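Below: one structure, written as structure tokens.
The values are calculated or read from the model by the stated rules, or taken from the named source; none is laboratory data. This is a predicted model, so every value here is computed, not measured. Reconstructed Cβ throughout: ideal geometry from the backbone, glycine too, with neighbour counts over all protein chains shown. Side chains are part of the model used for accessible areas, which takes the heavy atoms of the whole protein and leaves out ligands, DNA and RNA. Shrake-Rupley method; radii C 1.70, N 1.55, O 1.52, S 1.80 Å.
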Amino acid sequence: MALLELRNVSKIYRLGGEEIRALDDVSLDIDEGQFISIIGPSGSGKSTLMHILGCLDTPSTGTIRLDGMMIQDASSRQLAQIRNRKIGFVFQFFNLLPKLNVLQNVELPMIYSGIPARQRREQAMAALRMVEMENRAKHRPSQLSGGQQQRTAIARALVNDPKIVFADEPTGNLDSHTGELILQMFSRLSREGRTIILVTHDPEIAAVTPRRIEIRDGRVAHQLDPTLAGLNRFPTAVS
Amino acid sequence: MHLLNAILIGVKDIWGHKFRSLLTMLGIILGVASLVGMTAIVKGMENGLKEAMIAMGGADKVLIRDQPVPSHQEHLAEEAPGRTMVDVLALRESAPLISLVSPEMSLNRVTITRGDKSVNPSECVGVWPAVLDMNLHTLAHGRFFTDLDEENASSVCVIGTGIRDELFGAPDKTGTPIIPIGEVIQIQGQPFTIVGMFQHYESEQERREREFRQSQPLQEQTGPRRQRGWGRRGGWAFWRKNYTVYLPLNTMWIKFRSAGGTDNIPDPRLTDIDIKVADIEQMEAALQQARNILMTTHRGIEDFNFQTQENQLENINRQIRNARLSGGLIAAISLIVGGIGIMNIMFASINERIREIGICKAVGATGTGIFVQVLMESIVVSLLGAALGLVVSFGFVQLLSSISPTQNAPVITHTAMIVAVIFSVAVGLVAGLFPALKAARLDPIEALRYE
């Protein structure tokens, strides 16, 4: 059974009298341990797909099964708990809380899951070690470089040991060298067995992932799936 | 999410905007300070009034007073006998529910002299010994009147310490208290021998001040002798008691009244009849009994009524209630204004932090969690405001008592403090409700996109 199953998922917005299909009958399976990129130009519906996959939003029609649980009808409270336990987010603009230091930022998800302070600290330090940020634990986000901020954000995404990590344009706000390092970090995490979904508009970035899903006009326009096609793991180009 | 964390985050945020938070709290600070201060003033007032009340006699004391005859007896007005000794004797003999009857016949515009010194007493009254219990007098020196004094209409008197101070010198001027028992003074030019003197009556406040003065070394007087200040010192009730002169009732009657009145017809009417009821629970019945007796002695003409201290107590309580109400209203208004200030700031601070709230929601904060956090912040602001307000109120009360030291020093009560704190927490809660609801309802996607 796949970790994440989408069946005939549509998301319809109404603007004035007009109906906008941001997602149109999308079906997808994502298995545990996969490293996937979702690509598409802006307005293609890839953000909407990520929001629905990341339990920030629910679909208008269709079903989603995450880790054996049907979640298309979950309340906002249940969604919040699923996000807390099973999903980690990394954003383009890092989205760290400016008033908290690095350690407190990483502890934040655990505060909402009600983990006691001592355990929070230990787990947060372990997550920071994973991204080699343990020396900066007491720094404020404003005292860090972009790459360091993004590594802190990755540590925050990993700290509750989630089933899936979503990264929304994680290199969009970094110079190319730092971006490279962040992508390498995702590759390493993937090799360690994490399920990672990279959302980007940049085919070059998408090239690092074995599996790529291209979204256009709310539909899956193109899929490159090495496990299905039996292709080698590192194809060089996306059509 | 734990409450403690929410409180900690709230405190951090307040600390982050110290000046803004202080301005926000100002309303609450003023509200709490005025609530506690007002209550303290009213409490001081209440204490003063109650002390005076006790000095005048307990709640079981009833005054029998003259009143104009009712309109249906208008034609009998000439026949109205007024309050006389007949009433006193009748009450004493036939009203078992009345434990004490004290007739008083007083002399107005009295001057008492001794040598070149003179004094106008607060009252110069002919009395029975019952007056001691009635007006709660305590004899400190000498004796009170005996039956023999009454029978012989002896020229003796008992004075308060105020009279002694004026005629013989006050202890704080002479150094040692003078006890003028056996001395002769002139009342309206007639010689009277002092046989007794009451103790010195004073309020708590006065006593403390006097003791404080005594602990200081006596200051050398410079320049001519002079009285400092115009007003009487101390409360009115205590002044009145200290400037009392009592004579035996018969002495008053024979020496001052029997040759007075209009056209030299002696005026037998008493100035006052005070009665004490045996049991305060049976006040109604006792008054009815007294009324029945007096209706007989007055031949059905109702030219008297009863004034109980109960009425006065009620008056005092009503005044205090009014003062408390108006003070509370002012405080409540400023607390509500403070609450509006908090609400305003909470809305501003949430608008500033929409993105942060989005982040918190993305990493798993539930709407309830955010709601509690915002609410806690608002409550923490109001609680801190309340704490500062309590500090301010202490200063305020200190200031007040240094401005007016003698009269009714304000007293800060625990109840007022607790009520003020509870009220400000409630204000914080209500003020935080709408901002918290707004924050909790934010859509995480929208909030994350917010610039």
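In region A:33-73, comparing the full protein assembly with the chain on its own, the residues that lose 10 Å² or more of accessible surface at a 1.4 Å probe are A:His51, A:Leu56, A:Asp57.
For chain B, find the longest principal axis of its Cα atoms and tell me its angle to the long axis of helix B:367-403, 0 to 90°, nearest 10. The two axes meet at around 30 degrees.
Across region B:107-116, computed HN-Hα scalar couplings (Karplus, 6.51 cos²θ - 1.76 cosθ + 1.60, θ = phi - 60°) run 10, 9, 6, 8, 10, 10, 10, 8, x, 9 Hz from first to last residue, x flagging Gly and Pro. Within the straight-line cut-off of under 22 Å between alpha carbons, the lysines reachable from A:Lys11 are A:Lys46, B:Lys361, sequence neighbours fewer than 8 places apart in one chain being disregarded.
What fraction of the DSSP beta bridges in the protein assembly as shown is antiparallel, stated in percent and rounded to the nearest 5? Don't skip to the answer; put the middle values down first.
Numbers: 54 of 81 bridges.
DSSP beta bridges in the protein assembly as shown are roughly 65 percent antiparallel.
When B:Trp15, B:Trp253, B:Trp236 are compared by accessible surface with a 1.4 Å probe, the order from highest to lowest is B:Trp15, B:Trp236, B:Trp253.
The distance between label points at B:Ile333 and A:Thr61 comes to 6.2 nm (points 7 Å beyond Cα on the Cα→Cβ vector). Taking max minus min of the alpha-carbon positions on each principal axis, region B:144-207 gives extents of 41, 23, 19 Å, largest first. Accessible surface calculations at 1.4 Å, restricted to protein heavy atoms, place chain B at 52 Å² per residue. For chain B, relative contact order (Cα pairs under 8 Å, six or more residues apart, normalised by length) works out to 33 percent. Taking the DSSP bridge list for chain A and keeping only pairs wholly inside it, about 55 percent are antiparallel.
Enter the accessible area per residue of region A:4-224 (Å², integer; probe 1.4 Å; all protein chains in place). The partial results should precede the final answer.
Values: 9410 Å² over 221 residues.
Solvent-accessible surface per residue comes out at 43 Å².
Against chain B, whose longest principal axis comes from its Cα atoms, helix B:204-215 is set at around 90 degrees.
Accessible surface buried at the A:B interface totals approximately 2100 Å², computed with a 1.4 Å probe on protein heavy atoms. Taking the chain by itself as reference, region A:97-123 contains these residues with an accessible-area loss of 10 Å² or more in the full protein complex (1.4 Å probe, heavy atoms): A:Leu97, A:Pro98, A:Lys99, A:Leu100, A:Gln104, A:Leu108, A:Pro109, A:Ile111, A:Tyr112, A:Gly114, A:Arg120.
Averaged over peptide A:75-88, the number of partner chain Cβ atoms lying within 10 Å of each residue's Cβ comes to 4. In this simple spin-label model, placing a label point 7 Å from the Cα along the Cα-to-Cβ direction at both B:Ser326 and B:Asn152 gives a separation of 5.7 nm.
Label sites at A:Asp25 and B:Thr111, each approximated as a point 7 angstrom past Cα along Cα to Cβ, lie 12.1 nm apart.
Against the main long axis of the alpha-carbon atoms of chain B, helix B:414-441 sits at an angle near 20°. Computed on the Cα atoms alone, the convex hull of region A:4-224 gives a volume of 128 cubic angstrom per residue.
What's the ranking of B:79-88, B:324-333, B:197-206 by average number of surrounding C-beta atoms within 10 Å, highest first? Walk me through the intermediate numbers first.
On the way: B:79-88: 17.7, B:324-333: 15.8, B:197-206: 19.5.
Going by the mean number of other Cβ atoms within 10 Å, highest first, we get B:197-206, B:79-88, B:324-333.
For the protein assembly as shown, which whole-number percentage of the solvent-accessible area (1.4 Å probe, protein heavy atoms only) is attributable to carbon and sulfur atoms?
Details: 18930 of 34430 Å².
Using a 1.4 Å probe with all protein chains present, the protein assembly as shown comes out at 55 percent carbon and sulfur.
The accessible-area loss of region B:361-398 on complex formation, taken against its chain alone with a 1.4 Å probe, reaches 30 Å² or more at B:Ala362, B:Val363, B:Gly364, B:Ala365, B:Thr366.
So for the protein assembly as shown, what are the equivalent ellipsoid semi-axes in whole Å, largest first, each being the square root of 5 times an eigenvalue of the Cα gyration tensor?
On the way: eigenvalues 1813, 160, 59 Å².
Values for the protein assembly as shown, descending: 95, 28, 17 Å.
The calculated FRET efficiency for B:Glu451 paired with A:Met70, based on their beta-carbon distance and R0 = 35 Å, is about 0.50.
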